2 protein chains.
Amino acid sequence: MPSLGDNAPESGLEGGRKRATINDIARLAGVSKKTVSRVINQSPFVRDETRERIEAVIAEWGYAPDPQARGLAFRRSFLIGMIYDNPNPQYVVNMQLGLLDGMRGSGFELVVHPCNRASPTFLADVRTFVERQKLYGVVLPPSVSEDDRVAKLLNEIGCAYIRIASVELDKPENMIVGHDRMGGAQAARHILDLGHKRIAFISGPDSFRSSHERRGGFEAALAERGLKLEPSDIIQGAYTFESGVACGDELLKRTPRPTAIFAGNDEMAAGVLQSARKAGLNVPADLTVVGFDDFQIAQAVWPPLTTIHTPTREIGRMAAEKLIDAEGRERRERREERDPARTEPNLVVRESSGPAPSV
Amino acid sequence: MPSLGDNAPESGLEGGRKRATINDIARLAGVSKKTVSRVINQSPFVRDETRERIEAVIAEWGYAPDPQARGLAFRRSFLIGMIYDNPNPQYVVNMQLGLLDGMRGSGFELVVHPCNRASPTFLADVRTFVERQKLYGVVLPPSVSEDDRVAKLLNEIGCAYIRIASVELDKPENMIVGHDRMGGAQAARHILDLGHKRIAFISGPDSFRSSHERRGGFEAALAERGLKLEPSDIIQGAYTFESGVACGDELLKRTPRPTAIFAGNDEMAAGVLQSARKAGLNVPADLTVVGFDDFQIAQAVWPPLTTIHTPTREIGRMAAEKLIDAEGRERRERREERDPARTEPNLVVRESSGPAPSV
DNA sequence: CTGAAAGCGCTTACAG
DNA sequence: CTGAAAGCGCTTACAG
């Protein structure tokens, strides 16, 4: 067999002009195109000897089926959509990278679709997007994932989907569940281990499930050690830097002041740092601050934030694999790799947390 | 004409089961599908009366041509690729949003393709991506945009492309040129206006054109006021936070110390802030720090960074429009909107810059 | 296990 | 200005 590329069409006289089609392969292998189609689609109903001959021709010519033609015949494209409204760039990029990791070598491509859940045409837009592109499937990160109307729509139009969320909102085959609750508990234990008693929590917006889960885990772990947050110890932010500053201001003017603040995400924690600086407080000597997510901001800020690292990219990879595998693809082996621990959050201790001040 | 959606197929007995095809529209309008195709493709060779009749049927049934079928016949998809290796999440997300802005309503979709320019299979990968998906066109942000091999390849395989870069590297129709040079000059003038004399510059890596342009603009504006940077006043970073810390450490231990540092991007400027804090220096009293980009980090850091805002999203919008319009689409009107000033960088003064210390 | 026919939903020549 | 035929590169029934 000639080496690849030696007499591939690209190097011939008509260099790169035309790619081989299923008809070329069929002719060259002396079979019908239907049989070539069978080996492309891994049908078991092909004699080994025939399959090998066809595969050799395919390899020799560097043939790859046209996804557009295949899609037209299948009535379904080889496109996977990511429909999202998460405002954090790093989350978005990490999620995209993770999805791409899971899609690598599969022949699928990723189409990105930011959206606005508050728009009156939101659902119609999603529907148009999915139907017009005949999407193979879609991945929904929070908070789109938390919108049952979207899941209902997708079910109606028969589009495969994976919801990424911090609680099991749907059938297991449609879910990748994060462990925000566990992360909240890790934060609580860390703060408790440092000896803090006056502890406050800045939650994210109510509309995010993660917000409730992080809080729930935090409060549960506190309760395990006999500590209970008063309603006044819990204050609501918006997952933004500015809201972190505002909540910090509010909390730090109190008497007695909390000695530790757990913020629902890094941006708000960074805001608390800002607020503490304005108040002339020293972190971590006077105040411990713990964030959540471990995005870049956690390290760019001073002091660098102790935070809960969440494996966004890994979760994305699992979501894509689940979507693709769902249809009975190979690479079942990879399942082994899927160590659940890899999707668990973990505490990263940096310099914004320290022992409770001995008052 | 019945109102849209009233007796559209979705609401019929076979609710949502089947979308109208070109054949349905042709039959309903009493013409051949070729004529429907003509109105879809805005051919001038259709009698007005015929066109209106067809358009009415199209509107009534909410018909939209299948991009996959159209792509197969056209031998070209309605997909636009973004091929990039820029490591900054905010840049990537803003660029994606800008491209999407420019594509809105056009029927095109965005396929993202991060890549590694150092990979031995890099060019082959790009080629496979473009050819297999029969991409309508691709947008190349830096530093992929600066790779002439990519442009050459794209020309060879006849794929439309737009290079986004800080210098005119290609024919105008293939370029969106940023104004990094102007931004560098703005930084210089600001620092000069504050009375600084001992000024240092932290450049990005040599492999980024923006790095040279920002420096070039900075030095030129300095020269206009009779100031010249010594080679030792220029130090090279890597556009990363860590490199900013390292360069800051290096610069701040000198005697005499610079009173102002212009860093080639915000991340490095944030690093300098960190370094200054370690050295016990007060910003801006002892040291002025100016960044470039105006990404989120510029505001999260303390003190908030004076920096050069670059309109990444707007540039992305222009790139997408140029790619699509290039093929002779309508919306020429929009051209008017294209105020060149909107793509220019501009100085954002925050708290990291102040008058030169009176030593 | 393999193939000939028809079709997916469009467009490109080619006529008229 | 309009249309009938053939084709884009695949797959789905249906035979054998």
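Over all projection directions, the Cα-based convex hull of the range B:242-317 averages an area of 4.8 nm².
Provide, for q = 0.09, 0.12, 0.15 Å⁻¹, the log10 of I(q)/I(0) from a solvent-free Debye sum over equal Cα point scatterers in chain A. Ignoring solvent entirely, the Cα scatterers give -0.62, -0.89, -1.19. Taking θ as phi - 60° and the Karplus parameters 6.51, -1.76 and 1.60, the scalar couplings of the range B:173-181 work out to 5, 9, 10, 10, 9, x, 10, 4, 4 Hz in sequence order, x denoting glycine and proline.
Averaged over the residues of peptide B:94-104, the number of Cβ atoms from other protein chains lying within 10 Å of each residue's Cβ is 1.
Peptides B:102-110, B:303-311 ranked from most to least packed give B:303-311, B:102-110, packing being the mean of other C-beta atoms within 10 angstrom over each peptide's residues. Annotation for B:D249, label-to-label distances across the other copies: 3.7 nm (shortest first, one decimal, point 7 Å from Cα along Cα→Cβ). Within the shell defined by Cβ-Cβ distances under 12 Å, the residues around A:V348 carry a net charge of -3, with Lys and Arg each +1 and Asp and Glu each -1.
Computed over the protein assembly as shown, the range of Cα coordinates on each principal axis works out to 82, 68, 63 Å, biggest value leading. The charge dipole of the protein assembly as shown, taken about its Cα centre with unit charges on the Cβ atoms of Lys, Arg (+1), Asp and Glu (-1) only, comes to about 1000 debye.
So what's the back-of-envelope 222 nm ellipticity for the protein assembly as shown, counting only DSSP H runs of four-plus at -39500 (n - 2.57) apiece and dividing by all residues, rounded to 500? Calculated at 222 nm, the ellipticity per residue is -12500 deg cm²/dmol. Tally Lys and Arg at +1 and Asp and Glu at -1 over the other residues with C-beta under 12 Å from the C-beta of A:R149: what net charge comes out? Net charge around A:R149: -1.
Taking Cβ atoms as reference points and 10 Å as the exclusive limit, the residues near B:P67 contribute a net charge of +1, counting Lys and Arg as +1 and Asp and Glu as -1. Partner lysines whose Cα lies under 25 Å from the Cα of A:K34, excluding those fewer than 8 positions away in the same chain, are identified as A:K18, A:K134, B:K134.
Peptide A:126-133 has a mean of 3 when you count, residue by residue, the C-beta atoms of other protein chains within 10 Å of its C-beta. For B:R189 and B:A59, the difference between the fully extended length at 0.36 nm per residue and the C-alpha to C-alpha distance is 41.2 nm. Sequentially through the range B:25-42, phi angles give Karplus couplings (6.51, -1.76, 1.60; θ = phi - 60°) of 4, 4, 4, 4, 8, x, 9, 7, 5, 4, 6, 4, 4, 5, 6, 4, 8, 6 Hz, Gly and Pro residues having no value and appearing as x. Placing +1 on the Cβ of every Lys and Arg and -1 on the Cβ of every Asp and Glu, with nothing else charged, gives chain A a dipole about its Cα centre of roughly 540 debye. Once Lys and Arg get +1 and Asp and Glu get -1 on their Cβ, which of B:N282, B:V245, B:G264 lies farthest toward the positive end of the dipole of the range B:180-310? Selected residue: B:N282. Closest approach of a chain B Cβ to the axis relating B and A (residue, whole Å): B:P89, 2. Across the range A:180-310, how large is the tail of the calculated P(r) beyond 23 Å, expressed as a percent of all Cα pairs? The share of Cα pairs beyond 23 Å in the range A:180-310 comes to 19 percent.
Values in this text are rule-based calculations from the coordinates and carry no lab data. For clarity, every value in this text was computed on a predicted model and none was experimentally measured. In this analysis, Cβ positions are derived from the backbone assuming ideal geometry, glycine residues included, and neighbour counts consider all displayed protein chains.
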